[in-house]
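Just so you know, all these numbers are worked out from the coordinates, no wet-lab data involved. Computed from a prediction, not measured in an experiment: that's the story for all the values here. Note that we place each Cβ from the backbone using ideal geometry, even for glycine, and neighbour counts take in every protein chain shown.
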Amino acid sequence: MLDMGFWELIAIGVIALLVIGPDRLPEVARTMGRWVGRARAYIDSIRNTVDKEMRLQELQSMMQQSERNDLYEMLEETPKTNPNEDLSAKKDSNDSADKSQIDTSADKANKSS
């Protein structure tokens, strides 16, 4: 994050000692340490949240792609037939069933008379 070397830290310490004074310097150093720790924890929390969201989004896209692949496989496995042939075959079977029902009802009417 911040690339500070040894000499930069020494310079900051000397300036802090001169400005703050030797009596309050330990208390200020502890307070600054707490603030830096909280800031790092907050940044780590944000980083972890972003990483989780990215992984979740990646998993969702993988699941959607998998579902699409499964659908394509199912479509490829289904037999390819002509829909018009199926309809005409069903219509012929329905017509013959209707005729047989009409014949049986006519036969019942004749027998009852």
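Cβ-Cβ distance of ASP3 and THR49, R₀ of 30 Å, FRET efficiency by 1/(1 + (r/R0)^6): the value works out to about 0.70. In plain terms, the residue of THR31, THR78 with the fewest other Cβ atoms within 10 Å comes first and the most crowded comes last, giving THR78, THR31.
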